[in-house]
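Structure record follows, encoded as C-alpha cells.
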C-alpha cells in the first residue's frame with residue numbers, strides 16, 4: 001500500500017482546521033492518518049470495518 005500518489009480526504013465538517021483525521025481508500029482497505037503529521041504514516045483497517053464504525057457513529 002503506497003501513500004505517495006494517494007488522495008487523502010478529511011471531513012467537510014473540519015473546515016479549514018488542520019487538526020483532523022484524513023482517510024484514503026486503498027481498495028478493500030482504508031488508510032487513516034493525522035493531518036498535522038502525515039509523514040508519521042497511517043494505520044490501515046478493512047473497508048468493511050470502517051463502514052461499520054461510521055454507521056455506528058451515525059446512530
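The values are calculated or read from the model by the stated rules, or taken from the named source; none is laboratory data. Model, not experiment: these values are computed from the prediction. Positions of Cβ are backbone-derived with ideal geometry, glycine not excepted, and every protein chain shown enters the neighbour counts.
Key figures for this structure:
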item: Qualifying residues in segment 1-37 (those that are over 15 Å from residue 50 (Cβ atoms) and in contact with a helix residue (DSSP H, G or I) (Cβ under 7 Å, 6 or more places away or on another chain)) - the one modelled with the lowest pLDDT; result: 20
item: Unique residue being surrounded by 10 or more Cβ atoms within 10 Å (Cβ to Cβ) and assigned to a loop (DSSP other than H, G, I, E, B) when the list is 23, 16, 6; result: 6
item: Of all residues making up segment 30-59, the number that are under 10 Å from the mean Cα position of the chain (by Cα) and surrounded by 12 or more Cβ atoms within 10 Å (Cβ to Cβ); result: 10
